[in-house]
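The values are calculated or read from the model by the stated rules, or taken from the named source; none is laboratory data. All figures in this text were calculated on a predicted structure; none of them were measured in a lab. Every residue, glycine among them, receives a Cβ derived from its backbone with ideal geometry; neighbour counts consider all protein chains shown. Please note that ligands, DNA and RNA were not included when accessible areas were found on the heavy atoms of the full protein model with its side chains. Shrake-Rupley method; radii C 1.70, N 1.55, O 1.52, S 1.80 Å.
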Amino acid sequence: MGEKKKKIVKSIKIDVDKCNGCRACEVVCSAFHAAPKYSSNNPARSRIRVVHEPLRDVYVPVYAGEYTKAECTGRDKYLIDGKEYDECGFCRASCPSRDLFKEPDSGLPLKCDMCESDPPLSEPMCVQWCLNDALIYEEREEEVDEEEEKRDEVEIGLESLADKFGLDKLMETVARMAKKE
Ligand code: SF4
Ligand code: SF4
């Protein structure tokens with residue numbers, strides 16, 4: 001186990017009953033994370049997606065979570081108000097089974113960063129833009145493992161590239177890029 005340190009943990013509570021499927025959250029998330037910022041918007045690049053299937057009477061915002069290289073061996077099924085929902089519908093993972101939460105051009109996994117920004121935002125962009133108050137931002141202090149903390153988006157991105165192209169090919173490319181620098 002690594003050293004523990006205190007950290008502010010951000011979370012967003014979702015009030016599904018208030019979501020009307022306007023998708024403003026998807027638009028602003030993709031625009032905020034575009035390079036340069038606000039230069040484009042494409043919900044396929046958003047780190048929040050509003051699930052609207054299969055019965056088309058409920059909207060469920062789902063945040064992009066951790067990348068996983070293995071598909072699950074089982075699938076979750078959800079029963080809400082007596083209705084059964086899609087097996088993978090509410091899963092947050094970027095995984096090999098589907099295109100959700102993958103950057104459309106590169107295929108790299110997308111993960112919600114609760115809008116890391118300098119200067120910091122008062123609230124994440126999707127929360128600010130959700131006029132129906134379906135997204136409620138919360139902060140709490142928790143002890144976290146420092147080693148886990150170091151596993152950042154770069155490492156997750158490299159891991160997914162290694163899975164896709166093989167580690168040797170990735171190392172070869174990085175070495176070639178380093179020579180060009
Ligand atoms: S902005 Fe709010 S109401 Fe609109 S789709 Fe997103 S969560 Fe739902
Ligand atoms: S918190 Fe920020 S990064 Fe996460 S889904 Fe909302 S807008 Fe996107």
**Request:** Examine the range 120-130 for a residue that is within 16 Å of ligand 1 (Cβ to nearest atom), in contact with a Gly (Cβ under 8 Å, 6 or more places away or on another chain) and of a type in the set (A, V, I, L, M, F, W, C), and state whether such a residue exists.
**Result:** no
**Counted residues, the range 84-97 - those being surrounded by fewer than 18 Cβ atoms within 10 Å (Cβ to Cβ) and farther than 18 Å from Tyr59 by Cβ** = 3
**Request:** Filter the range 21-70 for residues that are assigned to a loop (DSSP other than H, G, I, E, B), more than 14 Å from ligand 2 (Cβ to nearest atom) and surrounded by 13 or more Cβ atoms within 10 Å (Cβ to Cβ) and give the result.
**Result:** Gly21, Cys22, His52, Val58, Tyr59, Thr68, Lys69
**Request:** Pick out the one residue from Leu100, Leu121, Leu170, Leu110 that is open to solvent by less than 100 Å² (accessible area, probe 1.4 Å) and touching a Leu at 6+ places or on another chain (Cβ under 7 Å).
**Result:** Leu170
**Message:** Checking Tyr85 against (1) without any contact (Cβ under 8 Å) to a residue 60 or more places away in the chain; (2) closer than 17 Å to Ile12 by Cα: exactly one of these is not met. Which one?
**Reply:** (2)
**Prompt:** Tell me, which residue of the range 61-87 that is modelled with pLDDT under 85 and touching a Leu at 6+ places or on another chain (Cβ under 8 Å) is nearest to Ser46 (Cα to Cα)?
**Reply:** Tyr85
**Complete:** Screening Leu108, Leu100 for residues that are farther than 15 Å from Tyr63 by Cα, in contact with a Ser or Thr (Cβ under 9 Å, 6 or more places away or on another chain) and hydrophobic (A, V, I, L, M, F, W, C) leaves only Leu108
**Asked** Among the candidates Val27, Val62, which residue alone is in contact (Cβ under 8 Å) with a residue 12 or more places away in the chain, of a type in the set (Val, Ile, Thr), within 12 Å of ligand 1 (Cβ to nearest atom) and more than 17 Å from Pro104 (Cα to Cα)?
**Response** Val62
**Prompt:** Conditions: (1) in a strand (DSSP E or B); (2) open to solvent by less than 30 Å² (accessible area, probe 1.4 Å). Val127 meets all but one. Number of the miss?
**Reply:** (1)
